[in-house]
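Student: Here you go, one structure.
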Amino acid sequence: MDYFTFSLVLSFVLTCIHVLLVTKSIRRRSGTARLPPGPYAFPVIGNILALGKKPHESIATLSKRYGPIMCLKLGSITTVVASSPKITKEVLQKHDLTFSSRAIPDAANTLDHSTVSILWSPASTRWRKLRKICKEYLFSTQILDARQFLRRKKVQELLNYVHESCIRGQAVDIGRAAFTTSLNLLSNTFFSTDLAQYQSNSSQEFKDIVWAVMELAGKPNIADYFPLLKLIDPQSVRRQMKFYFEKLLEVFEGIINQRLQSRASSVLGNDVLDTLLNLTKDNDTELSCNDIKHLLLDLCIAGTDTTSAVLEWAMAELMKRPEAMAKARNELEEVIGGDGLVQESDIPRLPYLQAVVKETFRLHPAAPFLVPHKAEADVEICGFTVPKNAQILVNVWAMGRDPSIWSNPSSFLPERFLEPKTELRGQEFEFIPFGAGRRVCPGMPLASRMVHLMLASLLHSFHWKLEEGMKPEDIDMNDKFGLALQKAMPLKAIAIKL
Ligand code: HEM
């Protein structure tokens, strides 16, 4: 028996023992308490097999049977699923503090990232400091307004790229183009630099690495279900992630070093990176260059795929429903005028466009379970006990398609968001694509600007048609579960210059 097989067998045996002990201890602790209902959990593997390739759908189906608060056993991980606004409100509002930690996937432990990360840190003093920095220095209205001209420039580059494809008669891969644009919108907002190009050449490297990180992080990792297996990383997830993280951190280090040099020899700049570097000298903030690198890593990972996936879904839905596309375009024509360029400041005057974006979030939330939370203590919810250390999944995808909340839930009807007006954070927790409570997405103000600006610009500058021989009803609307909920089949569309 070689070393690898031996380690695998040993870990498996240890895991079985661990699972049995944990199960026993939960049963003992919950002697009088009642776990939420759920399907029968097989020994050792629990309900892993029930997840299938689309866990958001399989879990939604199970919740219909077992109720809006349900308990699953995923390997040795007790998982509680909330799938109604009422239970979600209990989790993200009433018991927000107890549920504000994260269930950390092993991939996030690469290079100790989870210990410094805003995304994965528990709700500690350190995490609060990072959230405050984001709120004040990255995503405040004033800061975002100050960089909007750069984002406008980046969206113009997207339009130029689409125009070139249009001249060549080539279809545009909307998701890929949106991914490149989102990355550049973020990098220009933060440090006034492009990180990606549309055409394929060697400088693609950064974009490809971010893409690879998304793919790797989106794959199921057995070590997340059996924590003892983290010792041997059986699918090499952490090893591969280390390779990519090192490359990304190297790029950020290069940008930081270059900036430090230019700051030493000339006047100080005033973008987000300059502000963060100023904070490294502030004794109260205690922000180090390493913190900045890991923060930029989180922001690129949390902000790129999510934004581009939503844009691709919105375009796909509009191409499938030409009347909705026509309404959105007419509104743009009326508000912006034939030759005008869409600006971020125009968004409040485009209610139908906003409704299109919301309807897209309802049907295709980028994070169908939010980012998994964790219980810091036993909590009683609606007569059931959510045990300490349980992973909490909020099934936003299921709530978006629940017929008791939405009429015609599977139809794309932006009009439903016009009256009464629902915000991107639904008051009653029925619509929370960016989460809610302490862990709500801090990038929401930027994400909202990016999605609306890109979508409005693509619709206002071009007519769109499907590739030869394809009809709207042929568009494949299946999704693929991963770090963000992607279209399984990329949307390719042909632009026609107006
Ligand atoms: C359409 C785009 C986006 C969507 C749908 C989205 C959605 C989400 C969701 C659902 C969460 C988890 C909330 C929870 O666990 O309760 C989250 C967290 C987060 N998002 Fe976003 N997001 C988007 C774009 C962005 C952007 C552009 C950035 C930054 C550049 C960003 C940065 C973050 C960060 C740092 C967190 C972790 C916050 C924490 O754990 O404290 N997101 N996002």
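The values are calculated or read from the model by the stated rules, or taken from the named source; none is laboratory data. Predicted, not measured: the structure shown is a model, and the values here were computed from it. Every residue, glycine among them, receives a Cβ derived from its backbone with ideal geometry; neighbour counts consider all protein chains shown. Surface areas here come from the heavy atoms of the whole protein model, side chains and all, with no ligands, DNA or RNA. Shrake-Rupley method; radii C 1.70, N 1.55, O 1.52, S 1.80 Å.
Student: For the charge dipole of the chain, defined by +1 on Lys and Arg C-beta atoms and -1 on Asp and Glu C-beta atoms about the Cα centroid, which residue among His95, Phe245, Val210 has the Cα displaced farthest towards the positive pole?
Tutor: Comparing the listed Cα positions along the dipole, His95 ranks first.
Student: Based on the Cβ-Cβ distance of Ile45 and Asp476, what FRET efficiency does E = 1/(1 + (r/R0)^6) give at R0 = 30 Å, to the nearest 0.05? It would help to have the intermediate numbers written out before the result.
Tutor: Working: r = 32 Å, r/R0 = 1.06.
Calculated transfer efficiency: 0.40.
Student: All other residues with a Cβ under 13 Å from the Cβ of Glu333 taken together, and with Lys, Arg as +1 and Asp, Glu as -1, what is their net charge? Don't skip to the end; give the middle numbers.
Tutor: On the way: positive: Lys327, Arg329, Arg349; negative: Glu331, Glu334, Asp339, Asp346.
Taking every Cβ under 13 Å from that of Glu333, the sum is -1.
Student: At 1.4 Å probe size, with every protein chain present, just tell me what the per residue accessible area of the chain comes to in Å².
Tutor: Details: 22290 Å² over 498 residues.
Accessible surface, normalised per residue, equals 45 Å².
Student: Quantify, in whole percent, the carbon and sulfur part of the accessible surface of segment 3-497 (1.4 Å probe; protein heavy atoms only).
Tutor: Here it works out to 56 percent.
Student: To the nearest 20 Debye, how big is the dipole of the chain about its Cα centre, given +1 on the beta carbon of each Lys and Arg and -1 on that of each Asp and Glu?
Tutor: On the way: 60 positive and 53 negative charges, 281 e Å.
Around 1360 debye, computed over the chain.
Student: Where in the chain lies the longest segment free of GluC sites (Glu not before Pro) that are both loop residues by DSSP (not H, G, I, E, B) and have at most 13 other Cβ atoms within 10 Å? Don't skip to the answer; put the middle values down first.
Tutor: Numbers: sites that count: Glu286, Glu423, Glu428, Glu467, Glu468.
Answer - 1-285.
Student: Also, quick follow-up: For labels at Glu468 and Ile167 in the simple 7 Å Cα→Cβ model, what's the distance in nm?
Tutor: 2.2 nm
Student: State, to one decimal in nm, how far the label point of Thr125 lies from the label point of Gln142, with both points 7 Å from Cα in the Cβ direction.
Tutor: 2.7 nm
Student: Another question, if that's okay. Give the separation of the Cα centroids, segment 478-496 to segment 177-195, in Å.
Tutor: Value for the Cα centre distance between the two parts: 20 Å.
Student: Assuming R0 = 45 Å, can you tell me the calculated FRET efficiency for the pair Lys247 and Cys382, based on Cβ-Cβ distance, to the nearest 0.05?
Tutor: Details: r = 47 Å, r/R0 = 1.03.
That pair, Lys247 with Cys382, gives E of 0.45.
Student: Of Met454, Ile77, Val172, which is farthest towards the positive pole of segment 3-497's charge dipole, taken about the Cα centre with +1 and -1 on the beta-carbons of Lys, Arg and Asp, Glu respectively?
Tutor: In segment 3-497, that residue is Ile77.
Student: If each DSSP helix of 4+ residues adds -39,500 (n - 2.57) and the sum is divided by the residues in the chain, what number results at 222 nm, nearest 500 deg cm²/dmol? Show your work: numbers first, answer last.
Tutor: Values: 18 runs with 244 residues, N = 498.
After summing the helix terms and dividing by the residues of the chain, the value is -15500 deg cm²/dmol.
Student: Follow-up. Please give the direction-averaged projected area of the C-alpha convex hull for the chain, in square nanometres with one decimal.
Tutor: Working: hull surface 102.9 nm².
For the Cα atoms of the chain, the hull's average projected area reads 25.7 nm².
Student: Defining a contact as two alpha carbons under 8 Å apart and six or more residues distant in sequence, what relative contact order in percent does the chain show? Can you show the working numbers first?
Tutor: On the way: 728 pairs, mean separation 116.2, N = 498.
Relative contact order for the chain comes out at 23 percent.
Student: Excluding ligands and nucleic acids, what accessible area in Å² is computed for Trp120 using a 1.4 Å probe, to the nearest 10?
Tutor: 40 Å²
Student: Would you mind checking the pairs Lys73/Lys129; Lys320/Lys374; Lys153/Lys480; Lys135/Lys421; Lys327/Lys471; Lys73/Lys421 and listing those with alpha carbons more than 28 angstrom apart? Intermediate values should be presented prior to the final figure.
Tutor: On the way: Lys73/Lys129 34 Å; Lys320/Lys374 39 Å; Lys153/Lys480 32 Å; Lys135/Lys421 25 Å; Lys327/Lys471 19 Å; Lys73/Lys421 39 Å.
Beyond 28 Å: Lys73/Lys129; Lys320/Lys374; Lys153/Lys480; Lys73/Lys421.
Student: Something else now. Find out how many positive minus negative residues lie around Glu312, taking Lys and Arg as positive, Asp and Glu as negative, among other residues whose Cβ is under 14 Å from that of Glu312. Don't jump to the answer; show the numbers that get you there.
Tutor: Details: positive: Arg176, Lys320, Lys480, Lys487, Lys492; negative: Asp173, Asp305, Glu317, Asp476, Asp479.
Around Glu312, the charge tally is 0.
Student: Same structure, new question: Residues of segment 125-144 with backbone nitrogen within less than 19 Å of a virtual label 7 Å along the Cα-to-Cβ line of Asn290, please, listed as ranges.
Tutor: Output list for this probe position: 125-131.
Student: Given the pairs Lys219/Lys242; Lys89/Lys487; Lys64/Lys86, which span a C-alpha to C-alpha distance of over 25 angstrom in this model? Could you put the intermediate results ahead of the total?
Tutor: On the way: Lys219/Lys242 16 Å; Lys89/Lys487 29 Å; Lys64/Lys86 15 Å.
In this structure, Lys89/Lys487 lie more than 25 Å apart at Cα.
Student: Another question, if that's okay. Just how large is the dipole of segment 351-396 about the Cα centre, in debye to the nearest 20, putting +1 at every Lys and Arg Cβ and -1 at every Asp and Glu Cβ? Walk me through the numbers on the way to the answer.
Tutor: Details: 4 positive and 4 negative charges, 35 e Å.
Dipole size: approximately 180 debye.
Student: Just for the chain, what percent of DSSP beta bridges are antiparallel, to the closest 5?
Tutor: Numbers: 24 of 29 bridges.
Here the share of antiparallel DSSP bridges comes out near 85 percent.
Student: Can you list residues from other chains, or at least 5 along the same chain, whose modelled amide H is less than 5 Å from the amide H of Thr78?
Tutor: Gln391
Student: Find which of Leu279, Phe361, Ala264 sits farthest along the positive direction of the dipole of segment 223-373, computed with +1 on the beta-carbon of Lys and Arg, -1 on that of Asp and Glu, about the Cα centre.
Tutor: Ranked along the dipole, the leading option is Phe361.
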